[in-house]
1. Quick check on region 106-116. Is at least one of its residues in contact (Cβ under 8 Å) with a residue 60 or more places away in the chain and closer than 30 Å to HIS57 by Cβ?
2. Scan region 307-347 for residues that are more than 24 Å from THR373 (Cβ to Cβ) and open to solvent by less than 10 Å² (accessible area, probe 1.4 Å) and report the count.
3. For SER222, indicate whether it is over 18 Å from PHE290 (Cα atoms), of a type in the set (S, T, N, Q), in contact with a helix residue (DSSP H, G or I) (Cβ under 6 Å, 6 or more places away or on another chain) and part of a helix (DSSP H, G or I).
4. Just give me the residues in region 60-86 being open to solvent by 20 Å² or more (accessible area, probe 1.4 Å), closer than 19 Å to GLU199 by Cα and either modelled with pLDDT of 85 or more or under 19 Å from the mean Cα position of the chain (by Cα) (or both), in sequence order.
5. Would you mind stating whether SER248 is of a type outside the set (A, V, I, L, M, F, W, C), under 15 Å from the mean Cα position of the chain (by Cα) and farther than 20 Å from SER175 by Cβ?
6. Could you tell me which of the residues SER429, SER487, SER470 is out of contact with any Leu (no Cβ under 8 Å at 6 or more places or on another chain) and at pLDDT 85 or above?
7. Quick one: would you say PHE135 is free of Cβ contacts under 8 Å to residues at least 40 places away in the same chain and farther than 23 Å from ILE47 by Cα?
8. Any residue at all in region 16-23 that's over 30 Å from SER338 (Cβ atoms), touching a Gly at 6+ places or on another chain (Cβ under 9 Å), in contact (Cβ under 8 Å) with a residue 40 or more places away in the chain and not aliphatic (A, V, I, L, M)?
Amino acid sequence: MDFVQNFPFMSILISLFAGPLSSVLSGKWAKRLNLAVISVIGIMSAIVLAYVIGSGHEYIYTMGHFPAPWGNEIRVGILEAAMALFFCIIMLLCVIGGVLEREQEIEETKQNLYYIMVNLLLCSLLALIYTNDLFTAYVFVEINTISACGLIMIRQTGRTFEAATRYMIMSLLGSGLLLLGICFLYSLTGHLLMSNIKEQVAHIHAAGEYHVPLLVSICLISVGIAIKSALYPFHTWLPDAYGYSTLSSASILSSLVSKGYIFLLVKIFYRVIGFDIIRESKVINVLFVFGVAGMIMGSINAIKENDIRRMIAYSSVAQIGYIYMGFGLGTTSGMIASIYHIVSHAATKSLLFTAASGITDASAKSKNFFDLTGAGYRNKLAGVAFTVGSLSMVGFPMFSGFISKLLFAQAAVENKHKILITMIALAISVILNAVYFMKTVIRIYTPEKKEVIQDKGFEDVLVWEQPLKSVALICFIVLNLFLGLSSEPVINLIEQGLKMFA
């Protein structure tokens, strides 16, 4: 076995042990440790990706060298390594971009606790990406949930306690349904390793046995993960969680946490049940309906908001709807479009939250829509970054959001029964996105009177006054342009990864 094959397991262990280690460090050293851990794991993930691409096939890492069904396994392919690398990049930029806000909003004695949660969150995301064991996935789903809840409530205000409580209630409901679905599968197959379950499910399906229990299991797992990933109408926890938490928490939650759950659902569809059986079960039709509803209703709710952070949060509901709509098309092209949108949305949403923070910094910390007038002039880099993110969300050419919408439209052509609904939903969603994002861009570039600026205490924010946030914004802009202008290599990686999945 090549040494590089140990890197995925080592990545999980490094982030896992970095959590408890941060508890005995000061906030400053915990931050340094966290940045070092994310950077090292990102480098290791890049090496693993290069290795898997070079070898042309996935590999299985058996932990403890015990074979199935007693041992636990990690399964590494192109899609897993690419997603691990991407998650590390986004998390690193989110943590860097939110340093100033964390120091202002979190008590100094509790800042190291924040980095415990970030390290455990990274550990759980890596485990969800790599694990080949369904129950291990459930365990790390719960670690992910608890860590995300800690990130929300670390500010210790009334609104964050309320948001964290609501998030925990909805997440535990989703976790319970997921666990029930796993129990049904275990009772049907007698296995917990994904590859072994798939063999037994294929045998059961071919024999025509246990059709109803298998369908119930698929439904429970799909609904459970849909609740945890905030698919409409299970999104009620999301606006407060994103709107009142710290900047880096909102960026990480919107970009990575829900995407980790969705990636697990993709693995279950392909590696546990089999996509052909999923398609025959008609569950994807239900996901399609709720996905389309989320695309429209999320945008309508965003239009009603006067708080820029909550507006961006409701936009996430619409974007999650895109992903599930792609699943609902029931085609490989639809799945590729959805996975690409996971990447696109993660890069764009973290950009928008970071840029919105810069805009509010130039508006006396006010998140109210009317106080943001002229903020693009008072913080030029944040204004440009928010404009880039907004154009991407609308689907303007050159940016990653355009490629996503193009892929969804192409995928819809392959499904003659859903093409009309998909095209109409895409058109309506684009118009609604333009309404609330472009009106915000117009607002931040509408000059404000000098008397009003002085009365409200608004001040200009220069690039060098917030160096880390500026670096994060520039990197996010470059990443968005890369995904929009050089999307073909990314799409090819997704296609190769899905082939390995199947």
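The values are calculated or read from the model by the stated rules, or taken from the named source; none is laboratory data. What you see is a predicted model, and the numbers here were worked out from it, not measured in a lab. Cβ coordinates were reconstructed from backbone atoms using ideal geometry, including for glycine residues, and neighbour counts include every protein chain displayed. In case anyone asks, the SASA skips ligands and DNA or RNA and just uses the protein heavy atoms, side chains included. Shrake-Rupley method; radii C 1.70, N 1.55, O 1.52, S 1.80 Å.
1. No; the residues of region 106-116 include none that is in contact (Cβ under 8 Å) with a residue 60 or more places away in the chain and closer than 30 Å to HIS57 by Cβ.
2. So the count comes out to 27.
3. no
4. Passing the criteria: only ARG75.
5. For SER248, the condition - of a type outside the set (A, V, I, L, M, F, W, C), under 15 Å from the mean Cα position of the chain (by Cα) and farther than 20 Å from SER175 by Cβ - is met.
6. SER429
7. No; evaluated as a whole, the condition is false for this residue.
8. No: zero hits.
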